[in-house]
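Each reported figure results from applying straightforward, stated rules to the coordinates on display, with no laboratory input. Note that the coordinates shown come from a computational prediction; the quantities given were computed from them, not determined experimentally. So basically every Cβ, Gly included, is an ideal-geometry build from the backbone, and we count neighbours across all protein chains shown.
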Amino acid sequence: MESEGFGVYVMTYPGDFHLSTMLVRSIQQVSPNLPIMIIPGEGFNLDDHPFDVPVMPIPTSGFWANIGHQDRDFWAFQGPFRTFLYLDADTIVVKSLDALAQRIAEQKGDFIYIHTWVSDSEWSETVSNQSHPRCAEYRATVSRDVGVGPLEAFDPDHDFYAYKPFNSGVWAGNRAAIVADDLQALNLAERKFYLENLGITDWSWKSSELFFRDQGRLNYLVRKMSIPTYPLEPDLVVVSGASSVYVSPSDFKNNASDFHVIHWMGSKSPNPSWFCSGTLFTLYASLWAYVGRRSGRFVMPDYEKLPESTGYSVWRQLYRQSHGFFPLRERLRWSLRDLRRVFKLTGRWLRLALRPRFGGRQPI
């Protein structure tokens with residue numbers, strides 16, 4: 001199954017096919033010569049799926065076969081591509097990946113390419129200076145992105161604040177950088193720590209009392225093993241779905257965007273719902289942005305002033321090319337789901353809005 005070339009992995013499961021299928025279409029349109037392979041998430045039926053690109057065979061031997069849930073993104077290290085770009089299903093590509101593919105294919109040795117939201121020097125200067133105005137904010141990203149558990153107790157010899165955390169939804173690497181034995185050793189140590197230090201016997205791949213699942217484990221292994229990291233930029237610029245950016249189908253067609261990938265990361269992602277554009281999107285986005293900002297989440301100013309969910313026009317165009325117009329039944333089904341979210345967000349908005357008036361801590 002091995003290949004000496006570069007390829008793109010997309011991990012998906014049936015719950016996000018509405019995103020991953022359009023992600024594949026987007027790659028095929030802007031970089032038609034790049035090979036793509038699907039990493040099957042839990043619940044994926046190898047005999048019944050909507051993809052016209054190869055699906056990775058599920059490993060049946062060794063530690064790779066034991067990996068579940070989101071940690072199946074580690075399967076990129078045992079796949080056919082010598083070098084690769086990994087994308088979560090909740091992304092869409094709006095500009096060519098060819099320059100990045102060429103740079104990564106020429107990279108020698110072990111490596112990981114990451115989104116560099118801050119320079120190494122700025123990170124080091126900020127987290128080491130407690131009087132720096134952003135010190136607490138930067139250090140908090142370690143808990144948010146690597147793990148909320150007692151990381152220092154898990155590995156007292158490793159400085160978790162020495163390195164800036166990176167997101168595991170968009171990254172790249174080479175096949176040999178991490179092997180099954182590396183993951184198995186970490187897994188055994190983690191299970192032991194859960195049992196002996198946290199008193200938890202029912203560890204699973206969804207457990208996050210120590211690491212923030214796959215993202216925390218990938219961050220830890222890359223830094224612990226001293227795997228060199230390089231910036232994805234400028235050949236691949238990622239924007240958050242919570243950014244106040246708009247990309248038109250004409251921008252997509254002409255490779256004219258200032259960025260390459262949209263990663264929704266919990267913000268409103270496209271679907272056939274009526275809440276993805278117009279007045280209903282404004283309602284949803286206003287509630288979501290208010291709650292997010294008050295809860296410490298990243299939401300760009302003016303996000304709620306966008307005419308639609310970030311990337312929705314491109315996603316909708318690709319959907320219509322593949323399936324035609326949204327069936328009414330699908331629009332109703334997805335709109336009902338979003339309506340339920342609006343009700344939940346309204347409740348959280350009320351609790352947050354009333355907190356300053358009456359004082360005290362309100363649960364969110």
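Gain on full extension, evaluated as 0.36 nm per residue between ARG351 and GLU42 minus their Cα-Cα distance, stands at 107.7 nm.
With a cut-off of 8 Å between alpha carbons and a minimum separation of six or more residues, what is the relative contact order of the chain in percent? The value is 18 percent. Shown for TYR13, TYR319: other C-beta atoms within 10 Å of each C-beta, ranked fewest to most, produce the order TYR13, TYR319. Here LEU210, LEU34 are placed in order of increasing Cβ neighbour count within 10 Å, fewest first, which gives LEU34, LEU210. The helix-based estimate of mean residue ellipticity at 222 nm for the chain, built from -39,500 (n - 2.57) per DSSP H run of four or more residues and divided by its residue count, is -12000 deg cm²/dmol to the nearest 500.
Working from label points 7 Å from Cα in the Cα-to-Cβ sense, the HIS132 to LYS253 distance is 4.6 nm. Model label points for HIS49 and ARG333, set 7 angstrom from Cα along the Cα-to-Cβ axis, are 2.0 nm apart.
Are any of the pairs LYS164/LYS253; LYS95/LYS224; LYS108/LYS268; LYS253/LYS305; LYS224/LYS268 more than 30 Å apart by Cα-Cα distance, and if so, which? Cα-Cα > 30 Å for LYS164/LYS253; LYS95/LYS224; LYS108/LYS268; LYS224/LYS268; rest within.
Using C-alpha pairs under 8 Å with a sequence gap of at least 6, the mean separation divided by the residue count of region 127-198 gives a relative contact order of 22 percent. Taking a virtual spin label 7 Å from the Cα of ALA99 along the C-beta vector, which residues in region 222-260 bring their backbone nitrogen under 20 Å of it? Answer for this model: 230-240, 246-248, 250-260.
Which shape class, rounded, prolate or oblate, goes with the chain when its Cα gyration tensor gives a ≥ b ≥ c as root eigenvalues, a/c under 1.5 marks rounded, and past that a/b bigger than b/c marks prolate? Judged from the Cα gyration tensor, the chain comes out rounded (a/c under 1.5).
Computed extension length for SER121-LEU283: 54.3 nm, one decimal, from 0.36 nm per residue of separation with the Cα-Cα distance subtracted.
Quick check: Cα centre of region 27-46 to Cα centre of region 222-257, how many Å? After rounding, the separation between the Cα centres reads 18 Å. Normalised by the number of residues in region 7-49, the mean separation of alpha-carbon contacts (under 8 Å, six or more apart) gives a relative contact order of 57 percent.
Per-peptide packing, taken as the mean over residues of other Cβ atoms within 10 Å, places 264-271, 148-155 in the sequence 264-271, 148-155 from highest down.
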